[in-house]
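Working notes, structure below.
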Amino acid sequence: MSQLPILTFPDPRLRQKARPVQRVDAAIMRLVDDMLETMYAAPGIGLAAIQVNVPLQVVVMDVSEQHDSPLCLINPQVLALEGTEQREEGCLSVPGFYEKVTRAERITVQALDRLGAAFTLETDGLLAVCIQHELDHLNGKLFVDHISMLKRQRIRAKLERDQRNGAATSSKRGEAL
Ligand code: K1U
Ligand code: ZN
């Protein structure tokens with residue numbers, strides 16, 4: 001398994017719309033395994049393939065305390081959304097920022113698992129929020145699109161500055177940009 005580089009906001013590739021997976025084959029299983037390794041190492045509780053520049057409808061998650069309950073959704077479809085709740089969210093593509101976002105409290109989704117078998121999941125709490133966050137990624141949407149434009153612009157400016165400084169530091173060290 002390998003760790004994959006994660007794109008950072010405002011990279012335009014995060015705005016791509018993910019395509020459905022045509023066939024769950026060995027390459028998709030490898031992608032799922034690499035995404036899980038990348039998510040655990042980050043560390044995070046979710047990751048969408050778009051975030052590692054693969055525009056396919058694949059997401060992985062693990063909201064368990066022991067990090068021993070990986071979940072993979074391929075070609076997820078929302079069947080139902082109920083209620084609303086507000087929770088603080090972060091994003092591995094928006095490092096260092098957490099903001100409250102309003103989402104549905106309960107979600108029912110249908111998807112394929114890592115082996116290509118169809119299943120339905122009905123859940124609430126952090127997992128329901130995480131699924132909605134990851135499904136947004138598949139539509140090119142980020143949690144910063146749910147907050148005020150002023151906050152979004154401040155986050156964008158800070159991350160662009162960090163990326164410029166990071167690039168300058170790397171080039172001084174002679175690293176590839
Ligand atoms: O999709 C992503 O960018 C992953 C994101 C998922 C998420 C977090 C919070 C609410 C909704 C969705 C993250 O994992 S951000 C990092 C994070 O939440 C975390 C990091 C270390 C330990 C526990 C949580
Ligand atoms: Zn995210």
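Values quoted throughout were computed directly from the atomic coordinates according to the rules given, and no laboratory measurement underlies them. None of the values given here were measured: they were computed from a predicted structure.
Below are the figures for this structure:
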{"read-out": "The chain: most fluctuating residue of Pro12, Pro55, Pro20 per GNM, C-alpha cutoff 10 Å", "value": "Pro12"}
{"read-out": "Pairwise Lys count, the chain - Cα closer than 22 Å, eight or more residues apart or different chains", "value": "7"}
{"read-out": "0 to 90° range, to nearest 10: angle between helix 149-172 axis and the chain longest Cα axis", "value": "60"}
{"read-out": "Other-chain or far-sequence residues with amide H under 5 Å of Gly46's (modelled H)", "value": "Asp62"}
{"read-out": "Amide hydrogen neighbours beyond the local backbone of Gly140, cut-off 5 Å, H modeled", "value": "Ala18"}
{"read-out": "Backbone HN-Hα couplings from phi across region 72-77 [Karplus 6.51/-1.76/1.60, Hz, Gly and Pro as x]", "value": "10, 10, 10, 6, x, 10"}
{"read-out": "Spherically averaged projected area of the chain from its Cα convex hull (nm²)", "value": "10.7"}
